[in-house]
Amino acid sequence: MAFVGRRSKTPTWSVRQATNAHAPLHHQRATRQTGFTLIEVLVALSIVAVALLAGLKATGSLSQNAERQGVSMLGQICAENELIRLRLLRQLPDTGNTQIECPQVGRLLVVDLSVRTTPNPNFRRVDARVLDQGQYVLQLSTVMGRN
């Protein structure tokens, strides 16, 4: 029996299909997949990390400033209290240095009062320095006279 008029069963491929047919399977998949490469993801993560570190540093600075401002306010209260106490004695304070403890909100602040003479014997210069754990917080100065 003769096979007359039958076509052969060889496939007819285009040039593109023919070149892709011999390419490895992972190359065919890579051309179809979209997404980020590992380097792009690492760059994005490093940018986010730098931004978070900058935010953390700014937050730390704000909290330190708030703490310093709170201690300064408490120190000012202590210094003013001691200067008012000297004024209420209604006499010229003695010259010299004295240290007074001033507990405030669970902190132990120390007020260092320094009374010095002035060119006019009727007046004395009074400096009130406030210390918190040995560190100077602030200083208030005034001149007191005879009442």
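The values are calculated or read from the model by the stated rules, or taken from the named source; none is laboratory data. Because the structure is predicted, anything quoted here is derived from the model rather than measured. In this analysis, Cβ positions are derived from the backbone assuming ideal geometry, glycine residues included, and neighbour counts consider all displayed protein chains.
Give 90, 129, 124 a once-over and let me know the one that is closer than 19 Å to residue 146 by Cβ, in contact with a strand residue (DSSP E or B) (Cβ under 6 Å, 6 or more places away or on another chain), free of Cβ contacts under 8 Å to residues at least 60 places away in the same chain and not hydrophobic (A, V, I, L, M, F, W, C). Residue meeting the stated conditions: 124.
Among the residues of region 118-142, those identified as surrounded by fewer than 11 Cβ atoms within 10 Å (Cβ to Cβ) and over 15 Å from residue 71 (Cα atoms) are 119, 120, 121, 122. Per the conditions (1) touching a Cys at 6+ places or on another chain (Cβ under 8 Å); (2) at pLDDT 95 or above, the sole criterion not satisfied by residue 104 is (2).
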